[in-house]
Structures are given as structure tokens and as C-alpha cells.
Amino acid sequence: MAVCARLCGVGPTRGCRRRGAAREQRRGGAGDSEPDTDTDPEEAGGGGATEDEEAAERIEGERPAPHPAGAGPAGRASLSLLELPPELLVQIFGSLPGTDLPSLARVCTTFRRILRTDTIWRRRCREVLHRYRHILGLWQPDIGPYGGLLNVVVDGLFIIGWMYLPPHDPHVDDPMRFKPLFRIHLMERKCATVECMYGHKGPHNGHIQILKKDEFSTKCNQTDHHRMSGGRQEEFRTWLREEWGRTLEDIFHEHMQELILMKFIYTSQYDNCLTYRRIYLPPSSLDDLIKPGLFKGTYGSHGLEIVMLSFHGKKAKGTKITGDPNIPAGQQTVEIDLAHPLQLPDVENLRDFSELSRIVLEVQEQVRREEQEEEHRQEEEDRSQQAVSQPAANPLGGEGAEGEETAAGAEGTTQDKAPASRPFVLPMGVISRNEDYPRTCRICFYGTGLIAGHGFTSPERTPGVFVLFDDDRFGFIWLELKSFSLYSRIKVSFQNAEAPSREAFDEMLKNIQSLAT
């Protein structure tokens, strides 16, 4: 009521403008207390008119006629906010604290219409959101080999950083889980409050430092809010239940228990004081085998991890967004050779691992010979260029383009001749965390998978089979490990995550891989 009285320009004994408008409507006057369900059109730029003038034009016809002179007490003309020009109201409302605007919108329909003017909120965004506008989008936290996926979005009056987590192992088709790590409160007029959301005691004081355009850091100023009354044991049990959906007693594999305990000790020491680096979603083209993007994949005792699938001409790459002590986040876990499709045997012969191994190793030898021939051809061209004073016109570009065209043509021919789907089964002896894999596939390609010892020691690329099941699922058979990874698409519409260019995306991949190394 106090807000109403202050805005309408009348005292508590005179009554509220809102009630006066209702009485005026009952008398057949131009009341404005009807609920407004129309959405204001988006403001058009240019044309020489300012945003305030455009807002005024939209609201001018809605404004009730001024009260006649003598309508106020003792014959004086009473002036209210409703009688001010709309462009002036936009200026006034835009200067009010954000906490007052919801109350102001409840006064009458005219005020509500004015408060839906984009100009007011753009100003507020410039005042409050300006310094944090660069952190919207996808980020990878620097948590040693484990990495992660952070999505920073605007949600109402907050900017929230959501950490996305894979579903519990081995349910790769389940939706992603997410939890808030920080939020920026936008209610204040001149400054924004940063709150740490880590732990189980609610929001508390935090800090965000923007280091540069594609890097920022978070810090919790009250880490005692992260502690539990039961000490580290209770914190570990709670983390295990959230991270794995089970207790340590349910995990019988001793090596897996060690990996889980190691991850808890390593990640919990950060206390939400982290550095984040921007990542982009991969660009797509009509020639891609399937739509690129983010996928959840099974990685044995390490559980489910997030992999980014991207296409690069004759190659497709799977880059780890989350990782483990063997292959850390940022490394290229699989590479698919799209120029070498595999013709797998029928289901009965496919059950024989030695038959699959024979087919894959033959293609591996073919690829090795082709790479040697390419190196020899490149050396010959380099020598011929040095032997002449003027290099031949486009000595490499034509053949390279022809090679790509031939590979693409071979791929297209293979896919055209291939049936829509064919029976598929894992060979005997190949271990899969998820036995509920598809029993039909579209096409298979030769590929390599990266394996290494603990601490990323002695890394090497080993042969394998890329199996495309459908638009949202694929698999990879690790020949040397005799294991199978199943990948399922993350079906989340991420905003502010598109790469500005193909070059920017490729540079981002190089950066996160070099940091992981």
C-alpha cells in the first residue's frame, strides 16, 4: 500500500489509484485494470527513433485521459504518474531498484505494460550483467584429469552455473544430472551478489574473477559451509551416493573402489575454487555422418564420461570433456577413419573375435601402407619444388582435393549400398559395461582408440571398430582391450555455445588437448 501511495501520488486517506481506476471503469470511464495478456512486439532498431520514443508510441494510445482541472481536493488539479508522458515513465521506472519493479507492475495494467518495455531491462542488464556477460555458455573446469562440463545460463533474476554430470553407470541412455555450483543474484540495482552453491547448507558468500574473455575462476569465501557434521566419512558417503548412486559396499571390484576413492580425494580438495576455460559445440555440415555433439560413454571401471564428437573431413574425433587418470579430459579418445568402412561378417562369424580381429588388422595394414605412400609422395613433391626455381601451380591442392573427394565418394557409395540396418552382436570375450546395446547397426568404420597407463603414461593409439547404431548412439570396440564402449547423445539444448568459426573450434580443441598433456 505504501508503494501504491508513493507511486500514485496520493496519501493513504485519498485511496489508491488502482481502486479509483476500477470505480472509473464501473462508471463507463477509460479504466485500465483489465489483465493484459498481449506480448509487446520486439523493438525495431534504427529509423532515427530512440528506444524510449518507440516505447512511448506503443503506450501512448493506452494512457487514460488526464483528469479535468478541479478534480482534486479544493478544486486543484491532481498530478499522478499516469498523466506523465510514457517516455518519461520509462526513464523513471528504469532508474528504480529491481526489488521495487515487481510491486510496481501490480499497481495497474499501464504500469505493467511499461515495465515490459525492453529498454528498462536492457539498461538493467548493462548495469548488472555487463561484467558477467562473457561467462554465459559452456566451460570445462580445470580439475586435473577429471575435467567436467559447466553450463552458465540466465535463469530469471539469476545467472547460474550448472555442472552437468553423466547418469549413473552403466545407464548411458538415462538423462544427464546437474547441480548448481554458483549463482549471481541480479536483484541489486548497482552490483551483483555472487553466491557459492557447493555443499548442502544452502547458498553462501562466493567470488568470481574474470581472468580474460575465455577464462574465469570461482572462489568460495565460506568453505565451512561445505563440511558435514559427520566429517569426511559422511561427505564421502554422500558424494558416492550422488556420483555413483550406490554405496562402497555395493562395489565389489577392488580396483574400482580405489579409483572412486582417488577421485573423491582429488576433486573435494578444490572446494569449488576452480578455473574454467570455454569450450564450443562442434560445427556441423550436411556431409557429416551424424550430427556432431556431446555424448555419454561407458569407460569400464571409470564409469560414464562425456565425449565430444566432431567431424574433420575424412576423420571424426571423439574428445574427452570429462576424463580419468589413464586418459585425462581434453585428450582425443577415439579417431574414426571415414575413408575406410568395414564390411563385418554375418552375425554367426562376428561372434568369433579372431575373425573380427583379422578384418581390422588387415585394414590397419592397408592404412599404414597408404600413410607411407603419402609420406613418400610428399617428400617427392618437396624435392621437385626445390629443384625448380618456380613451383608448379597448385602441386598439392588438386591431388589433396581429389583424395578427399574420392574418400567422400567411397563413403557415400558404401552408405548407399549398405542396408538401412544390419544385425550386430559383440564377439565372444568382448566385455561391455552395458549389455543393453542395440542389436542392429547402420555402418562400421576402422578407427583407433587411445590407451595409456595410470597418469597418462606410455600412451598409444590401438586399432578398433566404430559402430554407428543410429543418429544418437554409436559404439567402439577396443580390439587390444577386448572391451566395448557404448555412447549415447546428450539431448540438451545448450545456449551461447556455438563456435564463432571452424578455426575457433579447431583452436579450442588444440588448447584443451595441450592443457591435458
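The values are calculated or read from the model by the stated rules, or taken from the named source; none is laboratory data. Computed from a prediction, not measured in an experiment: that's the story for all the values here. Positions of Cβ are backbone-derived with ideal geometry, glycine not excepted, and every protein chain shown enters the neighbour counts. SASA here: full protein model, heavy atoms, side chains in, ligands and nucleic acids out. Shrake-Rupley method; radii C 1.70, N 1.55, O 1.52, S 1.80 Å.
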>> Suppose we filter LEU481, LEU486 for residues that are modelled with pLDDT of 95 or more and not in a strand (DSSP E or B); which single one remains?
In response: LEU481
> Counting only residues that are among the polar types (S, T, N, Q) and under 29 Å from the mean Cα position of the chain (by Cα), how many does the stretch 438-470 have?
Replying inline: 1
> Of ILE443, ILE451, ILE490, ILE477, which residue is in contact with a helix residue (DSSP H, G or I) (Cβ under 7 Å, 6 or more places away or on another chain) and not small (Gly, Ala, Ser)?
Replying inline: ILE443
> Of the numbered conditions (1) touching a residue at least 60 places away in the same chain (Cβ under 8 Å); (2) open to solvent by less than 20 Å² (accessible area, probe 1.4 Å), ASN326 satisfies every one except a single condition; which is it?
Replying inline: (2)
> Looking at the stretch 193-210, which of the residues that are surrounded by fewer than 19 Cβ atoms within 10 Å (Cβ to Cβ) and in contact (Cβ under 8 Å) with a residue 24 or more places away in the chain is farthest from LEU509 (Cα to Cα)?
Replying inline: LYS201
> Filter the stretch 294-316 for residues that are touching a helix residue (DSSP H, G or I) at 6+ places or on another chain (Cβ under 9 Å) and assigned to a strand (DSSP E or B); which is most open to solvent (accessible area, probe 1.4 Å)?
Replying inline: HIS312
> Among (1) part of a strand (DSSP E or B); (2) within 24 Å of ARG433 (Cβ to Cβ); (3) of a type in the set (A, V, I, L, M, F, W, C), which single condition is PHE236 missing?
Replying inline: (1)
> GLY464: under 13 Å from LEU342 (Cα atoms) and touching an Asp or Glu at 6+ places or on another chain (Cβ under 7 Å), yes or no?
Replying inline: no
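Per-residue answers, yes or no, for (1) surrounded by 15 or more Cβ atoms within 10 Å (Cβ to Cβ); (2) among the charged types (D, E, K, R):
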site: LYS179; (1), (2): no, yes
site: LYS212; (1), (2): no, yes
site: CYS220; (1), (2): yes, no
site: ARG227; (1), (2): yes, yes
> Any idea which of LYS263, LYS291, LYS320 is under 16 Å from the mean Cα position of the chain (by Cα), surrounded by 20 or more Cβ atoms within 10 Å (Cβ to Cβ) and not hydroxyl-bearing (Ser, Thr, Tyr)?
Replying inline: LYS320
>> Can you pull out every residue in the stretch 323-354 that is aliphatic (A, V, I, L, M), part of a loop (DSSP other than H, G, I, E, B) and within 24 Å of the chain's Cα centre (by Cα)?
In response: ILE327, ALA329
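Yes/no per residue for (1) among the basic types (Lys, Arg); (2) more than 30 Å from SER301 (Cβ to Cβ); (3) modelled with pLDDT of 95 or more; (4) surrounded by fewer than 10 Cβ atoms within 10 Å (Cβ to Cβ):
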| position | (1), (2), (3), (4) |
| --- | --- |
| PRO341 | no, yes, yes, no |
| GLU381 | no, yes, no, no |
| ALA387 | no, yes, no, yes |
| ALA393 | no, yes, no, yes |
| GLU411 | no, yes, no, no |
| CYS444 | no, no, yes, no |
> Just one of PHE474, PHE469, PHE505 is of a type in the set (Phe, Trp, Tyr), at pLDDT 95 or above and not in a strand (DSSP E or B); which is it?
Replying inline: PHE505
> Any chance the stretch 172-184 includes a residue that's farther than 30 Å from PHE505 by Cβ and touching a residue at least 12 places away in the same chain (Cβ under 8 Å)?
Replying inline: no
>> Just to verify a result, which residue in the stretch 269-279, among those that are out of contact with any Gly (no Cβ under 8 Å at 6 or more places or on another chain) and part of a loop (DSSP other than H, G, I, E, B), is surrounded by the most Cβ atoms within 10 Å (Cβ to Cβ)?
In response: LEU274
>> Taking the condition of being modelled with pLDDT of 95 or more and of a type outside the set (A, V, I, L, M, F, W, C), how many residues in the stretch 150-166 meet it?
In response: 4
> GLU402 is checked against (1) modelled with pLDDT under 50; (2) outside any helix (DSSP H, G or I) and fails just one. What number does that condition carry?
Replying inline: (2)
